[in-house]
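Before anything else, here's the structure in question.
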Amino acid sequence: MSRPFYFEILSAEPEKTVAFYKTVLGWKFNEKGPQAYWPADTGPGGEPGINGAVMGAHFDQKIINTIRVDSLDDVLAKVEAAGGKKIHGPMEIPNIGLHAYCTDPQGTIFGVLQPAAPAD
């Protein structure tokens, strides 16, 4: 069984969105990489919950949940066989894994991620 482990909040004004969640919920953010993407630390690692990020609004949906999977290729094949679509990717995120965005048959966007193998 695959579980959600990450979320992304899409915003037309990501800097304002980051400021909002810092102020209201105390989340900590870091800008990462060449794209406007702010990973969010939402709480201590030993507590239940997931971390996420704020990014620009390049999809019509406001929240995207990402699900960890064992095999991205297998899941992408299942998505299409079940009436969904792959809409972006796969792309490699260095030291994180292989990621793609998909939609279910009703058009809801979700991410799938096959984690990178641990470094030796």
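Tally the residues that are surrounded by 15 or more Cβ atoms within 10 Å (Cβ to Cβ) and assigned to a loop (DSSP other than H, G, I, E, B), restricting the search to region 1-30.
1
Residue check: is residue 89 assigned by TED's automatic domain parsing to the domain that holds residue 117 and either part of a loop (DSSP other than H, G, I, E, B) or in contact with a Leu (Cβ under 7 Å, 6 or more places away or on another chain) (or both)?
On the way: assigned by TED's automatic domain parsing to the domain that holds residue 117: yes; either part of a loop (DSSP other than H, G, I, E, B) or in contact with a Leu (Cβ under 7 Å, 6 or more places away or on another chain) (or both): no.
Spelling it out, it is not the case that residue 89 is assigned by TED's automatic domain parsing to the domain that holds residue 117 and either part of a loop (DSSP other than H, G, I, E, B) or in contact with a Leu (Cβ under 7 Å, 6 or more places away or on another chain) (or both).
Could you list, in sequence order, all residues of region 39-55 that are assigned to a strand (DSSP E or B) and modelled with pLDDT under 85? Show your work before the answer.
Taking region 39-55 and keeping what is assigned to a strand (DSSP E or B), we get 39-41, 51-55.
Of everything in region 39-55, nothing turns out to be assigned to a strand (DSSP E or B) and modelled with pLDDT under 85.
Now for a separate question. Here are some conditions: (1) free of Cβ contacts under 8 Å to residues at least 40 places away in the same chain; (2) in contact with an Asp or Glu (Cβ under 7 Å, 6 or more places away or on another chain). Residue 64 meets all but one. Which one does it not meet?
The single condition residue 64 does not satisfy is (1).
Examine region 64-79 for a residue that is part of a strand (DSSP E or B) and either over 23 Å from residue 11 (Cα atoms) or of a type in the set (Ser, Thr, Tyr) (or both), and state whether such a residue exists.
Of region 64-79, the ones part of a strand (DSSP E or B) are 64-68.
Right, trim to either over 23 Å from residue 11 (Cα atoms) or of a type in the set (Ser, Thr, Tyr) (or both) and you get 66, 68.
Checked region 64-79: at least one residue is part of a strand (DSSP E or B) and either over 23 Å from residue 11 (Cα atoms) or of a type in the set (Ser, Thr, Tyr) (or both).
The values are calculated or read from the model by the stated rules, or taken from the named source; none is laboratory data. Quick caveat, the model's predicted, so the values are computed rather than measured. Cβ: placed from backbone, ideal geometry, glycine included. Neighbour counts: every protein chain shown.
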